[in-house]
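**Q** There's a structure below that I have some questions on.
The values are calculated or read from the model by the stated rules, or taken from the named source; none is laboratory data. On a predicted model such as this, the values are computed, not experimentally measured, just so you know. All Cβ positions, even for glycine, are placed from backbone atoms using ideal geometry, and neighbour counts span all protein chains on display.
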Amino acid sequence: MSTRTLGALTAFAGARWGRRPHDRPGLVARQQAALARFLAHVLPRAPFYRDRPRTLAELPVVDKATTLARFAEFNTVGVTLDCALEVALAAERSRNFAPTLPGGITVGLSSGTSGTRGVFLVSDTERARWAGVLLARLLTAGSLRRIIGWGAPLRIAFFLRANSNLYATLGSRRIAFDFHDLLEPLAAHMARLNTSRPDVLAAPPTVLRLLAEAASNGTLLIAPRQVVSVAEVLEPDDAAVITAAWGVPVQQVYQATEGFLGATCTHGRIHLNEDVLHVEPEWIADGTATPTRFHPIVTDFTRATQIVARYRLDDVLRAADGDCPCGSPTRSLAAVEGRADDILWRPGADGRPQAIFPDVVRRAMALVTGLRDYRLEQHGGEWRVRMQPLDHAIAVSVRRELAAMTARLGAVPPLVQVLPWTDTPLTEKRRRIRCLVR
Ligand SMILES: [Zn+2]
């Protein structure tokens, strides 16, 4: 057995069967101990942190722009941004994702559509641990029995915009791992799926929905026992279509350049991976005394190649209410709603800009009957809605629901412009609701 497989297995066993704190104080105590070790021994190995204080609260909050601009100072292996990008882009161009930097370091690129792409480095050990923890969090008892049994291996079909060594780590004799490159047309994927008949189907929700529709009309003949949504926000209407197609709940993986951040539990909440991460919520004001949405400021105390310390993510997370019935003491989310630029803005009653969260917009749009799909962009005072089907009665209804929703929030209703639908390629990340100009 290779050291990598052993590493993944150890991480798997620890995350699945290891002793875990049953209450919040126990979890916090364990986190603090791990954080103290990280701050004392790992952090100073990155030039950016060499002369900084060794307490979390005193460290600066950093973001993607800072860590990219000073890339070499944020890793402990002396890799420059140019060098990392060269390896990653060459792999993406050739669609051969095997090359790594010396020392088994892998470069990953995030697939953001706006702004700068994220770049990250992981070592062989970190990669193995990541794979182990991911599988431990996701696999159901049924899938696990398949892996440790004697029959056919567990087949996982994974759809990605770009492969990475990260994902190839998951393959082994008991797990058959099929990578589907989203640059290929959907028909090619369907043919492959009909042959391979995966047990686990993991893809962005846009793709899961297209496959679910094909399954419902009989052109796709697979019966996955697990369906996992990755890389994009899973919206309730897509979740409903996908669940109806295969009769299993859609699990969600919340993952970013910054690591594996969370996954759904059996009760449908997304739990943050607080076994390996420390998360400080930066609450987003919503006019109430107790806001429920926040941007996470993340510290990963298990990674030692690229330092993630007080890293502020642009994501908008909605905290769930109270403890989760599943019993896990980790912080749970009702939803990953989107990113900061998914928030729309209208003048409020006092004339000041008021935030309109994507989830609220989605619920208003869900009230429109006959609407199959839409994309909404804010351009200043105008909200442009591309919709299908483009129908007069539906357009009237869209305008009515958006006006009612903004009025309910005490904001001035927007000017709504209705436009015909245009398809977007599979490789593009779906952002249904976006603010282009505030
Ligand atoms: Zn739970």
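**Q** Do we have Glu382 as in contact with a Cys (Cβ under 8 Å, 6 or more places away or on another chain) and either at pLDDT 95 or above or in the same structural domain as Pro204 (by TED's automatic domain parsing) (or both) here?
**A** no
**Q** Further question on the same structure: Output the residues belonging to the range 249-284 that are within 16 Å of the ligand (Cβ to nearest atom), outside any strand (DSSP E or B) and not hydroxyl-bearing (Ser, Thr, Tyr).
**A** Pro249, Cys265, His267, Gly268, Arg269, Asn273, Glu274, Asp275
**Q** Given Arg310, Arg209, Arg269, Arg293, which one is surrounded by 16 or more Cβ atoms within 10 Å (Cβ to Cβ), among the charged types (D, E, K, R), touching a Phe, Trp or Tyr at 6+ places or on another chain (Cβ under 9 Å) and at pLDDT 90 or above?
**A** Result: Arg293 is the single residue among Arg310, Arg209, Arg269, Arg293 that is surrounded by 16 or more Cβ atoms within 10 Å (Cβ to Cβ), among the charged types (D, E, K, R), touching a Phe, Trp or Tyr at 6+ places or on another chain (Cβ under 9 Å) and at pLDDT 90 or above.
**Q** Sticking with this structure for a sec: If I ask for residues that are assigned to a helix (DSSP H, G or I) and of a type in the set (Gly, Ala, Ser), which ones from the range 1-32 would you list? It would help to see each step written out before you state the result.
**A** Here is the first cut: in the range 1-32, the ones assigned to a helix (DSSP H, G or I) are 3-17, 24-32.
Across the range 1-32, the qualifying residues are Gly7, Ala8, Ala11, Ala13, Gly14, Ala15, Gly26, Ala29.
**Q** If you don't mind, there's one more thing I want to ask. Checking the condition in contact with a helix residue (DSSP H, G or I) (Cβ under 9 Å, 6 or more places away or on another chain) and touching a residue at least 12 places away in the same chain (Cβ under 8 Å), which residue from Leu317, Leu367, Leu333 passes? Give the steps one after another, and end with the answer.
**A** Values: Leu317 fails: in contact with a helix residue (DSSP H, G or I) (Cβ under 9 Å, 6 or more places away or on another chain); Leu333 fails: in contact with a helix residue (DSSP H, G or I) (Cβ under 9 Å, 6 or more places away or on another chain).
Just a single option satisfies the conditions, and that option is Leu367.
**Q** Is there a residue being within 16 Å of the ligand (Cβ to nearest atom) and either polar (S, T, N, Q) or within 22 Å of Leu35 (Cα to Cα) (or both) anywhere in the range 314-328?
**A** At the first step, the residues of the range 314-328 found to be within 16 Å of the ligand (Cβ to nearest atom) are 317-328.
Applying the additional criterion that residues be either polar (S, T, N, Q) or within 22 Å of Leu35 (Cα to Cα) (or both) yields 328.
Yes: the range 314-328 contains one or more residues that are within 16 Å of the ligand (Cβ to nearest atom) and either polar (S, T, N, Q) or within 22 Å of Leu35 (Cα to Cα) (or both).
**Q** Something else: Could you please give the count of residues in the range 271-284 that are under 21 Å from His22 (Cα atoms) and without any contact (Cβ under 8 Å) to a residue 60 or more places away in the chain?
**A** Of the range 271-284, the ones under 21 Å from His22 (Cα atoms) are 271-280.
Filter once more, so that each one left must be without any contact (Cβ under 8 Å) to a residue 60 or more places away in the chain: 277, 279-280.
Residues in the range 271-284 being under 21 Å from His22 (Cα atoms) and without any contact (Cβ under 8 Å) to a residue 60 or more places away in the chain: 3 in total.
**Q** Could you please let me know if Pro47 is farther than 27 Å from Leu138 by Cα and free of Cβ contacts under 8 Å to residues at least 12 places away in the same chain? Talk me through it step by step, then tell me what you get.
**A** Working: farther than 27 Å from Leu138 by Cα: yes; free of Cβ contacts under 8 Å to residues at least 12 places away in the same chain: no.
Against the criterion (farther than 27 Å from Leu138 by Cα and free of Cβ contacts under 8 Å to residues at least 12 places away in the same chain), Pro47 does not qualify.
**Q** Also, I was wondering about something else. Taking the residues in the range 243-266 that are out of contact with any Ser or Thr (no Cβ under 8 Å at 6 or more places or on another chain) and aliphatic (A, V, I, L, M) as candidates, determine which candidate is surrounded by the fewest Cβ atoms within 10 Å (Cβ to Cβ).
**A** The selected residue is Val248.
**Q** Which of the following residues is of a type in the set (A, V, I, L, M, F, W, C), under 25 Å from the mean Cα position of the chain (by Cα) and not in a loop (DSSP other than H, G, I, E, B): Leu419, Leu402, Leu436, Leu426?
**A** Numbers: Leu419 fails: under 25 Å from the mean Cα position of the chain (by Cα); Leu402 fails: under 25 Å from the mean Cα position of the chain (by Cα); Leu426 fails: not in a loop (DSSP other than H, G, I, E, B).
Within the list Leu419, Leu402, Leu436, Leu426, the selection yields Leu436.
**Q** In this structure, is Gly287 in a loop (DSSP other than H, G, I, E, B), in contact (Cβ under 8 Å) with a residue 60 or more places away in the chain and not aliphatic (A, V, I, L, M)?
**A** On the way: in a loop (DSSP other than H, G, I, E, B): yes; in contact (Cβ under 8 Å) with a residue 60 or more places away in the chain: yes; not aliphatic (A, V, I, L, M): yes.
So Gly287 fits the description; yes.
**Q** Determine, yes or no, whether Ala231 is in a loop (DSSP other than H, G, I, E, B), surrounded by fewer than 20 Cβ atoms within 10 Å (Cβ to Cβ) and either more than 19 Å from the chain's Cα centre (by Cα) or in the same structural domain as Gln31 (by TED's automatic domain parsing) (or both). Walk me through how you get there before you give the answer.
**A** Values: in a loop (DSSP other than H, G, I, E, B): yes; surrounded by fewer than 20 Cβ atoms within 10 Å (Cβ to Cβ): no; either more than 19 Å from the chain's Cα centre (by Cα) or in the same structural domain as Gln31 (by TED's automatic domain parsing) (or both): yes.
Judged against the criteria, Ala231 is not a match.
**Q** Determine the pairs where a residue that is within 19 Å of Arg432 (Cβ to Cβ), located within the range 191-218, has a partner that is of a type in the set (Lys, Arg) and at pLDDT below 95 with Cβ atoms under 8 Å apart, the partner being 6 or more residues away or on another chain.
**A** Within 8 Å, the pairs are Pro204/Lys429; Pro204/Arg430; Pro205/Arg430; Thr206/Arg430.
**Q** For the range 32-42, state whether one or more residues are exposed (fewer than 14 other Cβ atoms within 10 Å of the Cβ) and either touching a residue at least 12 places away in the same chain (Cβ under 8 Å) or touching an Asp or Glu at 6+ places or on another chain (Cβ under 7 Å) (or both). Talk me through it step by step, then tell me what you get.
**A** Taking the range 32-42 and keeping what is exposed (fewer than 14 other Cβ atoms within 10 Å of the Cβ), we get 32-33, 37, 40-41.
Keeping just the survivors that are either touching a residue at least 12 places away in the same chain (Cβ under 8 Å) or touching an Asp or Glu at 6+ places or on another chain (Cβ under 7 Å) (or both) gives 37, 40.
Looking through the range 32-42, at least one residue is exposed (fewer than 14 other Cβ atoms within 10 Å of the Cβ) and either touching a residue at least 12 places away in the same chain (Cβ under 8 Å) or touching an Asp or Glu at 6+ places or on another chain (Cβ under 7 Å) (or both).
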